[in-house]
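First comes the structure, then the notes that go with it.
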Amino acid sequence: MNVVRPLLASIACLCVAGAASAHFQLAYTPETMIARPGDVPVKLIFWHPFENGHVMDMAQPLEFYAVHRGEKIDLMDRLSQITFEGASNAGAAFDASVPVKRSGDYVLVVVPAPYFEASEDLYIQQITKSYLNRNTIPTDWEAPLGLPTEILPLNKPTNVLAGSTFTGRVLSEGEPVAGAEIEVEYMAAEPDMATNTASSATATPPPAGTLVVMSDENGYFTFGIPKSGFWGFAALGTGPETEYEGKELSQDAVIWIRAWDIE
C-alpha cells in the first residue's frame, strides 16, 4: 500500500489548505453528453479556474488520447497551439477535437510535459482524465487505465447530482494510496470555446483557501458536491516519479466530473 502523507482524516473529512491557489490541468468541453456523432472540440488549459486566476504556459503534451470501449484513440495529431486569456494574463494552451461516433464513454487522458513552478522550485505534472458520453450508455468510466497515477471514480463522472457526493479512489501504479492530499477545484469560470477567453466567474472561492480532502487507508475519499458544474480533484504527488531535471517533481492525478441540478 502506497502512503504519501500521514493519514490525517477518515473518508469524509473536509479540510482547507493554505491560501495558495490550486493549479489544475483542464481537458474541457462544455457539452459532456453527446447526442450526435461528430468531432467534439476540446481545450487543454493549465489554469486556476475557481478564481479565474493565473494561466500557466502549457508545453506540447507528451500524450493525449481517448479510451472508448477499451480501445485507445490517439489524438496527438489533432492538437493545435492557442493562446488562452484569463482575467489576469494569457498563456499557451491547445485546441483539439475528439471523434465521437459510437455510443458509450470516451475517457480523455492528458499526460502533460512537466511544468516548472518557479515560486515552489519544483516541477508539476498533472496526469488528467475527463469524460464524454454518447447516448447515456456506460462503457468505460469505471475502469482503471493503468496510468502511473489516477483517480478511479466510483460515481458515474458525467452524471453526479448537485447536493449528493462524489467518491474516488487514488491509485499509484495500480495500488491504492493512503493519506493522499486531494485538492478540490470548482470551474467557476469556464473557457469560451469561440474566443479562447475566460467567462465571468459564477462563484467565489472560500475565504480559507484551497479545499482539500484526504484519502483513507484504502485510497478512498468522498466529497459533497454543493453546486452544479465541473468539479476537479487533484491527488498531489501520488505518482511514482519524484524528480525531473534535477528538481522535485509532483506527479499528480487529476479527474474532472460534471454535476447537474435536478430540474
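The values are calculated or read from the model by the stated rules, or taken from the named source; none is laboratory data. Given the structure is predicted, the values throughout are model-derived calculations rather than measurements. So basically every Cβ, Gly included, is an ideal-geometry build from the backbone, and we count neighbours across all protein chains shown.
For residue 124, all conditions in the list (1) hydrophobic (A, V, I, L, M, F, W, C); (2) without any contact (Cβ under 8 Å) to a residue 24 or more places away in the chain; (3) crowded, with 20+ Cβ neighbours inside 10 Å hold save one; what is the number of the exception?
The single condition residue 124 does not satisfy is (2).
What number of residues within segment 76-111 satisfy the criterion of being out of contact with any Asp or Glu (no Cβ under 9 Å at 6 or more places or on another chain) and assigned to a loop (DSSP other than H, G, I, E, B)?
Going through segment 76-111 one residue at a time, the tally reaches 6.
Within the bounds of segment 26-48, is there any residue that is modelled with pLDDT of 90 or more, farther than 25 Å from residue 91 by Cα and either buried (at least 22 other Cβ atoms within 10 Å of the Cβ) or among the small types (Gly, Ala, Ser) (or both)?
yes
Could you figure out which of (1) among the small types (Gly, Ala, Ser); (2) surrounded by fewer than 23 Cβ atoms within 10 Å (Cβ to Cβ); (3) under 15 Å from residue 114 (Cβ atoms) isn't true of residue 208?
Result: residue 208 fails condition (3) only.
Which is touching a Phe, Trp or Tyr at 6+ places or on another chain (Cβ under 6 Å), under 23 Å from residue 43 (Cβ atoms), among the β-branched types (Val, Ile, Thr) and buried (at least 17 other Cβ atoms within 10 Å of the Cβ), of 160, 213?
It is 160.
Right, residue 202: modelled with pLDDT under 95, under 16 Å from the mean Cα position of the chain (by Cα) and within 18 Å of residue 54 (Cα to Cα) or not?
Taking the combined requirement at face value, the residue does not satisfy it.
Which one of these is part of a loop (DSSP other than H, G, I, E, B), in contact with a Gly (Cβ under 8 Å, 6 or more places away or on another chain) and not aromatic (Phe, Trp, Tyr): 205, 240, 226?
226
What is the number of the single condition among (1) farther than 29 Å from residue 101 by Cα; (2) touching a strand residue (DSSP E or B) at 6+ places or on another chain (Cβ under 9 Å); (3) not aromatic (Phe, Trp, Tyr) that residue 127 does not meet?
(1)
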